[in-house]
Amino acid sequence: MTDRHALIQPDRGQKAISIHLVARGGLDALLRSLGESPRAAIAAQKFEAGQGEVAIVPDGNGWFALAGIEEGEQLGTWALARLAEVLPGGTYRIAPHASAGGAALPRMSAALVGWVCAQYRFDRYKTDGAVMEPRVLLTREAKAIAPALAEAGAIGLVRDLVNTPAEDMGPAQLETEARALAKTFGAEIHVVSGDALERDYPMIHAVGRAASRHHAPRLIELEWGDPKHPRVGVVGKGVCFDSGGLDLKTGSGMALMKKDMGGAAHALALARLVMEHALPVRLHLLIPAVENAVAGNAMRPGDILRSRKGFSVEVTNTDAEGRLILGDALTRASEAGPELLIDFATLTGAARVALGPDLPAVFARKDETAAALAAAGTKADDPVWRLPLHDGYREYLKSDVADMVNAHANGFAGASVAALFLDRFVGEGIDWVHYDTFAWRPVAKPGRPKGGEALGLRAAWGLLVSRHGGSHAA
């Protein structure tokens, strides 16, 4: 991918190609202002100013671009994304807003994120050498450039980590990513790995012990910020590949399981945003990283595991392993007494059946936190949808031989029951949010290519900024 920092630049009057933004209601006025030849070119391209429509219009010895947008004073995140995908390489500026009579530009701080994200490419394994010429956008909103680049960079980090195959993105590589963040921002980092996990993090050890030494399990723990500031815990599920264990997945079920560390990718990206913006919090990042493999020492259906919390868990399904490793990590996070605790996980197919690939399911103990998260998601064009922590379903976790099972048998309310399992490991009274996200886009949309995707990241970031951002919250 082209260096994102080159893709948005302050407008200082540089030579650039004009982009005229026009809503349907302003198209007639724009056409009346143009000569016969440009009007004919627009008609030939059947441009009707619909959202996402683009036309290239000859203008003397040069040309300008037309882009259809929705009416409004502010452009959404993806309003300019298709332009950044289809326009020729070059430098562009937005012309005065056609539907506003040429008098003003819409606020475009959000759209800057989409402009950069649209030029993302995952080409680590490509050998054809093709290089995309960048599309550079000039903007008068100079103060919006750094935040937009940071958010686009966080989205790009999630995409890169999730798109990378498991052999190159195992537990050790997740540790490397965390150590790089720690070095960049002066954070403290501590890692427990391999058989050393067995005493203090027994469920993480049990899930990951069947993997090769190259992909040995670990608990990655990073802390940053002033200890006097409010503590925020961020936990990410890092199952770098999920075979299902002895309850083996089918081949098609394993096809996308490189993305089962998508929760860890989101957690790392959120941590980077927090540190990059020097948010006044004490950040506590935890990533339980494992490969759920098959070997002679793999955990079995019917095994009873100890947990860091002290509960015993009967393994009724080895393919419900993510909640096991999260249980130990959430226990550790709770011990530090966070004001807010957020976990990200690609946890259940039930959430995808209920909400599809675009909407992360979120669970929250506090209504006000859930409402603030939903509002932040709407503002950032990163919607989330709350599902219930319904007490009546807690009975589904009962075991005849242990304190609980890791997976219930009746198939009802799978996402809620998984969240209730996690709830048992979160300290009493802690403001907790659980994300059940997909971390993958099965069909491309403008600015959002098929593949690994950040879903719910900007909503979580918006929640933190609204609580702790100070000047960032403007």
Give me the pairs, please: first residue somewhere in region 335-364 and more than 15 Å from Trp440 (Cβ to Cβ) and buried (at least 24 other Cβ atoms within 10 Å of the Cβ), second residue anywhere and hydroxyl-bearing (Ser, Thr, Tyr) and at pLDDT below 95, beta-carbon distance under 7 Å, and either six or more positions apart or on two chains.
none
Just name the residue that is nearest to Ala371 (Cα to Cα) out of those in region 426-442 that are touching a residue at least 60 places away in the same chain (Cβ under 8 Å) and surrounded by fewer than 22 Cβ atoms within 10 Å (Cβ to Cβ).
Asp431
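Taking region 173-204, which residues are small (Gly, Ala, Ser), surrounded by fewer than 16 Cβ atoms within 10 Å (Cβ to Cβ), in a helix (DSSP H, G or I) and in contact (Cβ under 8 Å) with a residue 12 or more places away in the chain? Walk me through how you get there before you give the answer.
First, the residues of region 173-204 that are small (Gly, Ala, Ser): 178, 180, 182, 186-187, 193-194, 196.
Next cut, surrounded by fewer than 16 Cβ atoms within 10 Å (Cβ to Cβ) only: 180, 186, 194, 196.
Going one step further and asking which of them are in a helix (DSSP H, G or I), we end up with 180, 194, 196.
Once the filter is applied, which keeps residues that are small (Gly, Ala, Ser), surrounded by fewer than 16 Cβ atoms within 10 Å (Cβ to Cβ), in a helix (DSSP H, G or I) and in contact (Cβ under 8 Å) with a residue 12 or more places away in the chain, region 173-204 yields only Gly194.
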Condition first: in a loop (DSSP other than H, G, I, E, B), within 26 Å of Gly452 (Cα to Cα) and modelled with pLDDT of 95 or more. Can you find one or more residues in region 89-110 that meet it?
yes
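Residue check: is Arg300 assigned by TED's automatic domain parsing to the domain that holds Val158, of a type in the set (Lys, Arg), on the phi < 0 side of the Ramachandran plot and without any contact (Cβ under 8 Å) to a residue 60 or more places away in the chain? Please lay out each step first, then the result.
Values: assigned by TED's automatic domain parsing to the domain that holds Val158: yes; of a type in the set (Lys, Arg): yes; on the phi < 0 side of the Ramachandran plot: yes; without any contact (Cβ under 8 Å) to a residue 60 or more places away in the chain: yes.
So Arg300 passes the test.
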Note on region 59-86: residues β-branched (Val, Ile, Thr) and surrounded by 20 or more Cβ atoms within 10 Å (Cβ to Cβ) are Ile69, Thr77
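Listed residues Arg323, Arg282, Arg306; which is within 23 Å of the chain's Cα centre (by Cα) and surrounded by fewer than 22 Cβ atoms within 10 Å (Cβ to Cβ)?
On the way: Arg323 fails: surrounded by fewer than 22 Cβ atoms within 10 Å (Cβ to Cβ); Arg306 fails: within 23 Å of the chain's Cα centre (by Cα).
Exactly one of Arg323, Arg282, Arg306 is within 23 Å of the chain's Cα centre (by Cα) and surrounded by fewer than 22 Cβ atoms within 10 Å (Cβ to Cβ), namely Arg282.
Being in a helix (DSSP H, G or I) and out of contact with any strand residue (DSSP E or B) (no Cβ under 6 Å at 6 or more places or on another chain): is that true of Leu268 here?
On the way: in a helix (DSSP H, G or I): yes; out of contact with any strand residue (DSSP E or B) (no Cβ under 6 Å at 6 or more places or on another chain): yes.
Yes.
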Considering only residues that are of a type in the set (D, E, K, R) and within 15 Å of Gly263 (Cα to Cα), look in region 443-460 and name the one that is surrounded by the fewest Cβ atoms within 10 Å (Cβ to Cβ).
Arg458
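The values are calculated or read from the model by the stated rules, or taken from the named source; none is laboratory data. Note that the structure is a prediction, hence the values are computed from the model and not measured. In this analysis, Cβ positions are derived from the backbone assuming ideal geometry, glycine residues included, and neighbour counts consider all displayed protein chains.
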